[in-house]
Amino acid sequence: MSGQDHDQQPDASGTPEAPGTPGQDSLQDPPASRGQLKGQRAAAARDLKRQAALEAHQRGVVRRAPMTAGLAGAGVVVLVAAAVTAGTLVPPATPEVDGRAAPAALNAVPVRSVCAGPPRLPAGAEEGTDTQFSPVSTSAVSRVTSVLLSDLAGRFPGSSISTLQSAENGDSGGAEPVDLTESQPEEVQQGDPATAGADGVPVRESAVDHVQSPGGEAGEATAVTVEPIGGQAMPSDAVSLYSATDGDLAGTDASSCLAPAHEHWLTGMTTTVGSTSILVLSNPSASASTVDLTLYGADGPVEAPGAAGIVLAPGQTRSIVLGGMAPDEEHLAVHVRAQGGAVGATAQQHRLFGITPGGVEIIQPTSNPSLGAVMPGLVVPNRAVTEEITGQDGYEQAGPALLLAAPTSAATAEITVSGPDGIVELPEGGLVDIGAGSTVRFPLDGLDHGVYTVTVSADAPVAASARGLSGQAGEPIDFSSVSAVDSLGLERLVSRPENTTANLVLHSADGGAVEITPVSEDGSLGESRVQELGPESTRALSFADVAGGEGAVPSGALLETVEGQVYAAVDVRGEQGISAYPVVPQQQQVSGVPVRVGY
């Protein structure tokens with residue numbers, strides 16, 4: 001029902017006698033016409049209905065009055081006649097009604113996230129924008145790590161992982177899901193939240209699962225689904241890992257499994273010679289989705305063929321070679337908009353410098369364009385190594401950098417980089433201009449070896465991501481893509497990829513604190529600690545340090561914000577290179593649909 005009341009009230013000011021009333025003479029006004037009397041009767045009838053509806057709303061129940069149509073009509077005639085005899089239509093007293101929107105309770109729904117598949121080389125890319133993938137490395141390994149917590153009664157939510165089928169292979173939908181944890185009965189999923197176990201003592205445990213080659217031989221994207229418990233979403237997280245030591249796709253990538261959405265922004269794709277960027281769209285929902293793409297390059301918006309009306313069936317993925325839409329772009333940005341089912345969007349990217357592998361990365365969505373952006377988890381080598389790498393022929397654009405897009409209007413952005421001791425001075429200064437609808441690369445070559453947070457403040461909305469670097473001159477190098485994130489919120493579970501060295505990176509602009517609880521592989525939660533953060537500081541904590549340096553490295557950590565606004569990411573190190581993934585706020589459980597009461 002509409003929140004606005006469009007009914008008009010009768011005019012009660014002046015209250016002149018109604019002209020044409022029997023027994024009265026009117027020298028100023030002509031007698032009321034039959035049409036006027038009909039309109040007055042209709043207005044009175046509307047007022048009666050409105051008053052009855054409002055009174056029924058206040059009582060909380062709508063009564064069906066046992067009144068026949070004839071009696072109702074007679075009542076209206078009598079009231080109208082009385083009002084005309086009195087010389088006016090007196091508006092009824094309007095009861096006070098709270099017309100603000102209120103949630104209409106619905107069942108809690110499962111939380112779903114999309115995990116990127118491993119990078120693949122395109123086959124048949126010259127035939128169009130669609131492509132099939134085929135593995136090229138004999139040592140490539142991919143897996144998904146899922147971590148979730150129980151409720152306070154020790155009950156785990158049901159969870160599963162399913163493979164999303166490729167549209168290019170002719171598949172029409174997703175495969176049957178594989179259970180990770182057993183589904184709970186409906187009354188447990190939708191019942192009251194538990195406050196303690198059967199013995200009256202609160203208990204909370206963790207469940208950790210590792211799925212090898214989750215996308216099958218074809219390496220498809222996957223979707224992880226976690227059911228609610230007690231009408232609430234339980235803390236959960238999943239991350240996908242890829243690593244290879246040989247082939248053109250040698251390198252390391254770790255990507256967070258993120259919630260599908262109707263809008264995504266991705267920045268930092270490269271379509272120059274030797275680089276391949278493939279946009280992967282995934283629809284994990286039960287509804288078909290139609291996707292439109294808008295591309296931005298260094299010289300402004302790109303008119304791309306085939307960018308509109310991309311159809312995804314339920315459970316389907318589609319891969320698009322961005323070089324076919326926007327060739328020879330050093331730093332491309334893509335805006336993804338979906339109608340129908342929500343979609344996941346990532347860009348698989350790899351490079352070759354001649355015949356030397358230039359690393360792999362999966363670019364994940366960054367935060368929507370705004371006047372500010374925060375990107376924790378940028379890893380860079382020392383200045384000498386960066387200079388040696390970028391000094392090689394063809395490697396001029398390989399250094400650490402910030403990639404910016406100003407989709408709506410021209411912007412001037414101020415860049416700040418902070419490390420463990422606060423803000424770091426940039427050799428090139430910290431200001432950059434971005435043309436309307438265009439992209440720009442801001443180099444970060446002058447930094448010493450370390451882990452940093454990059455912050456952007458602009459006078460017009462911008463989308464941003466950062467690019468890290470590892471390796472040595474004359475050898476294969478690897479990149480990491482660092483997305484902009486929102487602050488953590490109150491509680492967030494973070495998973496660590498199996499068999500990796502990983503750091504939890506925390507940043508706070510004005511200072512803050514976060515409580516960290518390690519989550520062990522055996523299902524136990526370790527002792528919590530509070531990490532203080534100074535203003536403009538960035539702290540990188542290894543997961544071994546999160547556990548206090550004792551015992552096995554935890555499979556994840558539960559983060560609870562104690563003070564201030566805290567931003568987080570995870571940087572991953574391996575023999576094959578580096579990677580990073582954002583820690584986005586926990587998906588909010590939808591508990592109802594806003595309904596506004598009105599007439």
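The values are calculated or read from the model by the stated rules, or taken from the named source; none is laboratory data. Remember, it's a predicted structure, so these values are computed and weren't measured experimentally. Methodologically, a virtual Cβ is constructed for each residue, glycine included, from the backbone with ideal geometry; neighbour enumeration extends over all protein chains shown. Remember, those area values only see protein heavy atoms, side chains included, never the ligands or the DNA or RNA. Shrake-Rupley method; radii C 1.70, N 1.55, O 1.52, S 1.80 Å.
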By residue number, the members of segment 499-539 that are of a type in the set (D, E, K, R), under 24 Å from Leu148 (Cβ atoms), open to solvent by 80 Å² or more (accessible area, probe 1.4 Å) and in contact (Cβ under 8 Å) with a residue 40 or more places away in the chain are Glu521
Is it fair to say Val424 is open to solvent by 30 Å² or more (accessible area, probe 1.4 Å), under 23 Å from Val572 (Cα atoms) and in contact with a Phe, Trp or Tyr (Cβ under 8 Å, 6 or more places away or on another chain)?
yes
Filter segment 401-420 for residues that are part of a loop (DSSP other than H, G, I, E, B) and not polar (S, T, N, Q); the one that is least open to solvent (accessible area, probe 1.4 Å) is Pro407
When you check Gly489 against the structure, is it open to solvent by less than 30 Å² (accessible area, probe 1.4 Å), at positive phi and out of contact with any Asp or Glu (no Cβ under 7 Å at 6 or more places or on another chain), yes or no?
no
Hits in segment 208-236 - residues which are out of contact with any helix residue (DSSP H, G or I) (no Cβ under 7 Å at 6 or more places or on another chain), part of a loop (DSSP other than H, G, I, E, B) and not charged (D, E, K, R)
Ser213, Pro214, Gly215, Gly216, Ala218, Gly219, Ala221, Gly230, Ala233, Met234, Pro235
Answer yes or no: is there a residue in segment 448-455 that is in contact with a helix residue (DSSP H, G or I) (Cβ under 7 Å, 6 or more places away or on another chain) and assigned to a loop (DSSP other than H, G, I, E, B).
yes
In segment 440-457, the residues that are open to solvent by less than 10 Å² (accessible area, probe 1.4 Å) and more than 21 Å from the chain's Cα centre (by Cα)
Leu444, Leu447
Are any residues in segment 240-284 under 13 Å from Val343 (Cβ atoms), hydrophobic (A, V, I, L, M, F, W, C) and in a strand (DSSP E or B), and if so, which ones?
Leu258, Ala261, Leu266, Leu279, Val280, Leu281
Conditions: (1) over 17 Å from Gly117 (Cβ atoms); (2) of a type in the set (Gly, Ala, Ser); (3) surrounded by fewer than 18 Cβ atoms within 10 Å (Cβ to Cβ). Ser213 meets all but one. Number of the miss?
(1)
Could you go through segment 313-333 and let me know if any residue there is closer than 23 Å to Val462 by Cβ, modelled with pLDDT of 95 or more, of a type outside the set (Val, Ile, Thr) and under 20 Å from the mean Cα position of the chain (by Cα).
yes
Checked Glu220, Glu227, Glu182 against criteria (touching a residue at least 40 places away in the same chain (Cβ under 8 Å), farther than 30 Å from Val482 by Cβ and open to solvent by 10 Å² or more (accessible area, probe 1.4 Å)); the one match is Glu227
Residues of segment 557-581 that turn out to be modelled with pLDDT of 90 or more, open to solvent by 10 Å² or more (accessible area, probe 1.4 Å) and not in a strand (DSSP E or B), as a count:
2
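Yes/no matrix, rows are residues, columns are (1) open to solvent by less than 10 Å² (accessible area, probe 1.4 Å); (2) in a strand (DSSP E or B):
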residue	(1), (2)
Ala286	no, no
Asp292	no, yes
Leu295	yes, yes
Gly306	no, no
Arg318	no, yes
Asp328	no, no
Val336	yes, yes
Ala345	yes, yes
Arg351	no, yes
Matching residues in segment 360-396 - criterion: being closer than 19 Å to Pro476 by Cα and in contact with a Ser or Thr (Cβ under 8 Å, 6 or more places away or on another chain):
Val360, Glu361, Ile362, Val379, Val380, Pro381, Glu396
Index of the failed condition, Pro301 passing every other in (1) in a strand (DSSP E or B); (2) open to solvent by 30 Å² or more (accessible area, probe 1.4 Å); (3) in contact with a strand residue (DSSP E or B) (Cβ under 6 Å, 6 or more places away or on another chain):
(3)
Residue within segment 543-556 that is touching a strand residue (DSSP E or B) at 6+ places or on another chain (Cβ under 7 Å), within 17 Å of Asp237 (Cβ to Cβ) and in a strand (DSSP E or B) present:
yes
In the set Ala460, Ala436, Ala398, which member is surrounded by fewer than 19 Cβ atoms within 10 Å (Cβ to Cβ), outside any strand (DSSP E or B) and of a type in the set (A, V, I, L, M, F, W, C)?
Ala436
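Pick out the one residue from Leu266, Leu249 that is surrounded by 21 or more Cβ atoms within 10 Å (Cβ to Cβ), within 30 Å of Pro443 (Cα to Cα) and modelled with pLDDT under 95. Talk me through it step by step, then tell me what you get.
Working: Leu266 fails: modelled with pLDDT under 95.
When all the criteria are applied, what remains is Leu249.
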Hey, Ala406 within 26 Å of the chain's Cα centre (by Cα) and without any contact (Cβ under 8 Å) to a residue 60 or more places away in the chain or not
yes
